[in-house]
Amino acid sequence: MIELSGVTKSFGSNQVLRGIDLRIESNSSMVIIGGSGTGKSVLLKCILGLVAPDGGRILLNGEDVTRAERDAFLARFGMLFQGAALFDSLHVWENVAFRLLRGAQKRPKAEAREIAIEKLRRVGLGPQVADLYPAELSGGMQKRVGLARAIAAEPEIIFFDEPTTGLDPIMAGVINDLIREIVTEMGATAITITHDMTSVRAIADNVAMLHRGKIRWTGPVSELDTTPDPYVQQFIHGRAEGPIEALR
Ligand SMILES: Nc1ncnc2c1ncn2[C@@H]1O[C@H](COP(=O)(O)OP(=O)(O)O)[C@@H](O)[C@H]1O
Ligand SMILES: [Mg+2]
């Protein structure tokens, strides 16, 4: 569904992406791992068209994303931002229904609210939460609201940027399971960035490891533990010693 070939991106003399080749099959869950500052977010922004690559190609169902018509293109994506990124001044339901209240996918208010309540239920939150403000919710509940917003417009492709960062292990487990279920149920294609290995195992069909601007290794999650690649082994076991130089 998504195909990257030879994607490069530099900021000044900082060569962040040095030729990314990656295929993401439709209705599958791809998890991208890699150290901090390796370019995971830049890669995601390139796919979303928020950052223009210097070279290479990114195709979505065969169509070049840099030439696609913006609104129609973005309507196909859902996004769970790190830290949920909810709008403080909007009620929970208005956050969830954000895209349904404006733009190309605009619905009547009552219908948008109904969909929001249904999506909240999907992530385990009752209708009483709909009229609260984000500040009245715990971190885990905010993350669920962010997840409900990401799926509200029933996107074909959903991005999750570090979905479990800042959550306790139990809440992280709940979010991981929800992501997995939603992707399976909606038949969506998911791309998740994380360095939480528990998340990787819970969410991924396939894993790609980014290192020094290239995809160092990619394969099914079942091969993660057995691949002899020393970079992958160092990363998944969190070893200080190995080919990956720890940045000071
Ligand atoms: N808009 C930008 N301008 C300049 N440098 C950037 C910009 N966005 C990201 N970078 C640089 O690109 C590198 C990768 O960043 P990022 O993709 O955020 O890493 P991570 O893998 O932690 O998500 C970093 O060195 C960062 O400073
Ligand atoms: Mg990042």
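Between Leu100, Leu50, Leu210, the GNM of the chain built on Cα springs shorter than 10 angstrom shows Leu50 fluctuating the most. Normalised by the number of residues in segment 84-187, the average gap of Cα pairs under 8 Å and 6 or more apart makes the relative contact order 30 percent. As a proxy for reagent exposure, Leu60, Leu147 were ordered by neighbouring Cβ count within 10 angstrom, fewest first; the result is Leu60, Leu147. Under a 5 Å amide H cut-off, with hydrogens placed 1.01 Å from N, Arg216 pairs with Met209, Leu210, His211 among residues at least 5 apart or on other chains. Remark on Ile158: its backbone amide H falls under 5 Å from those of Gly78, Thr189, Ala190, Ile191, a criterion applied only to residues 5 or more positions apart or on other chains, H modelled at 1.01 Å from N. Put in order of Cβ neighbour count within 10 Å, fewest first, the listed residues Thr184, Thr194 become Thr184, Thr194. One Cα centroid belongs to segment 1-30, the other to segment 227-247; the line between them spans 21 Å. Shown for Arg102, Arg67, Arg18, Arg122: other C-beta atoms within 10 Å of each C-beta, ranked fewest to most, produce the order Arg67, Arg102, Arg18, Arg122. Gly35 sits among other residues whose Cβ lies under 12 Å from its own Cβ, and their net charge, with Lys and Arg +1 and Asp and Glu -1, is +2. Averaging the sequence gap over all C-alpha pairs within less than 8 Å and six or more residues apart, then dividing by the number of residues, gives the chain a relative contact order of 25 percent.
When exposed loop sites are taken as GluC sites (Glu not before Pro) in a DSSP loop with at most 10 other Cβ atoms within 10 Å, the longest stretch of the chain clear of them is 70-240. Enclosing the Cα atoms of segment 1-66 in their convex hull gives a volume equal to 79 cubic angstrom per residue. Our note on the geometry: Cα centres of segment 37-57 and segment 81-106, 25 Å apart.
Every number in this text was worked out from the coordinates using simple rules, so none of it is lab data. Source: prediction; values computed, not measured. Positions of Cβ are backbone-derived with ideal geometry, glycine not excepted, and every protein chain shown enters the neighbour counts.
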